[in-house]
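Okay, so here's the structure we're looking at.
What follows is calculated from the coordinates using simple rules that are stated; it is not laboratory data. The structure displayed is predicted, hence computed values, not measured ones. Positions of Cβ are backbone-derived with ideal geometry, glycine not excepted, and every protein chain shown enters the neighbour counts.
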Amino acid sequence: MKIADKNTKAVDLVREALEKAKQYEDYHCFISMNEARALEKAREIDEKIAKGEKVGRLAGVPYALKDNYLSPEGVTTAAAKMLDNFPAPITATAVKKLEDEGAIMIGRTNLDAYAHGSSTENSYFGPTANAYDKERVAGGSSGGSAVAVALGIVPFALGSDTGGSIRQPASFNGVYGVKPTYGTVSRYGVVAMASSTDVMGCFAKTADDANLVMDIMAGKDPKDSTTLDKFWKEDLPDPKGKKIGLITDFMGDGVDSEVVRCVKEYAEKLKKAGYEVEEISIPMLKYGLAIYYIVQPAEVASNLSRYDGVRYGFRSSKTTDLDSLYQETRNEGFMPENKRRILVGNYVLSSGYFDAYYLKAQKARTLLINAYKDAFKKVDALLCPVAPAPAFKFGEKINDPLAMYMEDVMSVPQSMAGMPSISVPAGITKDGLPVGAQLSGWRGDDQMLLAIAKSLEGVE
Amino acid sequence: MSITREDVLHLATLSNISIAEDEIEPLIKKLDDIVGYISQLDELDTEGVEPTYQCFDMENVWRNDEIEDFEANREDLLALTTECEDHQIKVPKVL
C-alpha cells in the first residue's frame, strides 16, 4: 500500500479514497463518512513530513472502519437503530493504535446490526452490494469493509469476526480476511457480540499489508483482560516445508462444485510450491455449528442486556412505566435477528435447559478443541473452503435464519477453538464470483498462515 | 422438542422484549428450527468432559484497586442519556 512521504502527499491519498467512495456510493459500503476530519489529519501528517518530523508506519494511509468500533469521530451505530445516534465517548484500542501510526479513517462501514448475520442484510441502514455482482450480498457481518477493500476504495479495512464475519465476506469479495488467534487484538471499545470468540482483524489486498496492520493492532491491553502478550512479529516467518491438511469433511456433500474446484486448485498450487498436502478428516467439525449457535446466542443475550434505553442509545417513546421502557426500547431498537438470538440465548441458559444445551455445548467445545489438537499433531495448517457456496442473491436466505446460519458452518469451529484462520483469494467461479480458501492454524500460528498465502501470491 | 407459544412469551419476558401478537407464530417456527438443529449435540457422549468457557482457561484476572483516569468525564457520559436532570438520569415511574 502507498504510504505518505516526501513524494506522496497524505492529502492526495485521502482525497483519492474519498472520491472513490463517492464513485461507488451505490454499493453502500459506508454508513457515514469522516471527510473533514480525515482531510485535516492528512494535512497534519503532510506538515510533519515537510518539517522532517517522524511519522508512523501507516502515515496518511486511508482506511475504513467497521461501524462497531468506537471512536469519537461521528457516531458508532453497530448498524442498529438502538445506537443510530450514539456519539462514542471512548476510542477502541485498535483504532487508537492505528491512528498513532498515522492511519486515517475515511468512513464507517456497514454490517449486520450488532454483527449478527452473514450477508449485511440485517443492517438497519440497508444492505451492501457484492463487489463482483450488485444483485448479490456482500457477505457478513463485516460486508461493508470487505467491499470497500475489494473496490479499491481503501487498501485496508477493519472487521470483527465472531464466527466468520471477516472470513466469509473476504471470500465473497476476493480479498484477504484475517481472523487472528483469540486475544491477539484488544476488544476494548468494540461493540460486544460473543465475548469468548469475538476477535478484531482486517481486510487487505496482500499478505504483507494485512501483516503490517495486524502487527500494529496486536498486543496486551490492560483494558481487555483476555488479550495475550504480543506474539506478532514485524516480519513473516519462513513457511518452507509446512504440511497442510485438506479437510475432506468440508469438500463433499452440500458444498458448491465450483467452490470445491477452486479450493482443490489452491491445494494443487500449494503442492507445486513445495508444500506437503494431505487429506485429513475431523469428524467433530460437523458439530461446530450447533456448538456455536448455543454458546454465541447465550453470550449475545448477556452482552445485549445492557441496551435498556436508560443510560445511552435509543429510548422508545411508547412507554408508561420502567418495564415498558425496557421492553419497547428493545423491541423497536433491535433488528429481528438480534431479537431471535437473544431469545435463543435465554432459552439455552434458562432453568431446565441449561444442562441440556449450554453446558452440553461447552463440553462439546472441549471435544472439538481436542480434535483440532490431534489434527495439528499430523499437520501444521488446515485448508478448507470459507463457506459452502459463493455470494448468494439478496433475499435468498434472509427469512430463513437456519439457512443463513449454515453459511458459518466452515468458519465457526475455529472460532470456538480460539484459532487463527484467514481467507485467501483462491479463484473465480464460472459465473464470475470470487471464492476464498481458508487456512487455519493452531493458536499463535497466525503469521505462518499469512506466510503460506504470501508464497502463492502471483502463482498461476 | 418443540417450541410452544408459552415458551416464546416466557422467553420474551426473560429477555425484556415486547413481542407483538403477529410476531409470535413466525417466531415459534424459526426458534423451533434453530432448537431442532442445535439438539443434534445429543448424539455426543460428553460424560466426564470438562466444559471450555474460555479458550485459554483464564479465570479471574486481577489488577490493583487503584483509580485510573478514564478518557470520558461525567458530563460526556450523562450527555448520552435521553433525559437527565441535576446529574440524574430520568426514567418513567417505577411503581
Worksheet item: So if R0 is 30 Å, what FRET efficiency would A:LYS240 and A:ASP374 give, r being the distance between their Cβ atoms, rounded to the nearest 0.05?
Response: 0.75
Item to complete: Taking the Cβ of A:ILE428 as the centre, find all other residues whose Cβ is under 12 Å away and add up their charges (Lys, Arg: +1; Asp, Glu: -1).
Response: -2
Discussion item. Let me confirm one metric for peptide B:67-79, namely the mean number of other chain beta-carbon atoms within 10 Å of its residues' beta-carbons.
Written reply: 2
Discussion item. How shielded is A:363-373 by partner chains, expressed as the average number of their Cβ atoms within 10 Å of its Cβ atoms?
Written reply: 4
Item to complete: Would you order A:THR226, A:THR162 from fewest to most other beta-carbon atoms within 10 Å of each residue's own beta-carbon?
Response: A:THR226, A:THR162
Fill in: GluC sites (Glu not before Pro) within segment A:87-152: DSSP coil, no more than 11 neighbouring Cβ in 10 Å
A:GLU135
Worksheet item: Between the helical axis of B:5-15 and the dominant principal axis of chain B, each derived from Cα atoms, what acute angle in degrees is found, rounded to the nearest 10?
Response: 20 degrees
Practice prompt. Could you compute the FRET efficiency for A:LYS54 and B:LEU77, with r as their C-beta to C-beta distance and R0 at 45 Å, rounded to 0.05?
Written response: 0.80
Worksheet item: Expressed as a whole percent, how much of the Cα-Cα distance distribution for chain B exceeds 24 Å?
Response: 64 percent
Worksheet item: So what's the protein assembly as shown giving for Rg/Rh, alpha carbon basis, Kirkwood Rh from the mean inverse pair distance?
Response: 0.96
Worksheet, complete the sentence: With a Förster distance of 41 angstrom and the Cβ-Cβ distance between A:ASP26 and B:TYR53, calculated FRET efficiency to the nearest 0.05 equals 0.40
Practice prompt. Just report the Cα centroid separation between segment B:62-76 and segment A:47-71, whole Å.
Written response: 27 Å
Discussion item. Give the lysines whose C-alpha is closer than 19 Å to that of A:LYS264, dropping any in the same chain fewer than 8 places away, or say none.
Written reply: A:LYS242, A:LYS243, A:LYS272, A:LYS430, A:LYS454
Practice prompt. Could you tell me which GluC sites (Glu not before Pro) in segment B:23-95 are loop residues by DSSP with no more than 15 other beta carbons within 10 angstrom of their beta carbon?
Written response: B:GLU47, B:GLU59, B:GLU66, B:GLU68, B:GLU71, B:GLU83
Discussion item. I'd like to compare A:180-189, B:48-57: which one has the highest average count of other Cβ atoms within 10 Å, and what's the full order after that?
Written reply: A:180-189, B:48-57
Worksheet, complete the sentence: Per-residue average of other protein chain Cβ atoms inside 10 Å, peptide B:41-51 -> 6
Worksheet item: What distance in nm separates the simple spin-label points at B:GLU66 and A:ALA273, each placed 7 Å from Cα in the Cβ direction?
Response: 4.7 nm
Practice prompt. Over the residues of segment A:10-217, compute the C-alpha Rg and express it relative to 2.2 N^0.38 Å.
Written response: 0.92
Discussion item. Distance between the C-alpha centers of segment A:204-272 and segment B:15-57? Whole Å please.
Written reply: 30 Å
Practice prompt. Kindly rank A:362-368, A:16-22 from highest to lowest mean number of other beta carbons found within 10 Å of each residue.
Written response: A:362-368, A:16-22
Worksheet item: Which loop GluC sites (Glu not before Pro) in segment A:30-94, with loop taken from DSSP, have no more than 10 other Cβ atoms within 10 angstrom of their Cβ?
Response: A:GLU53
Worksheet entry | Extension gain from A:LYS430 to A:GLU265, taking 0.36 nm per residue of separation minus the Cα-Cα distance | 58.0 nm
Item to complete: Along each of the three principal axes of the Cα atoms of segment A:141-271, give the extent in whole Å, ordering the values from largest to smallest.
Response: 45, 34, 30
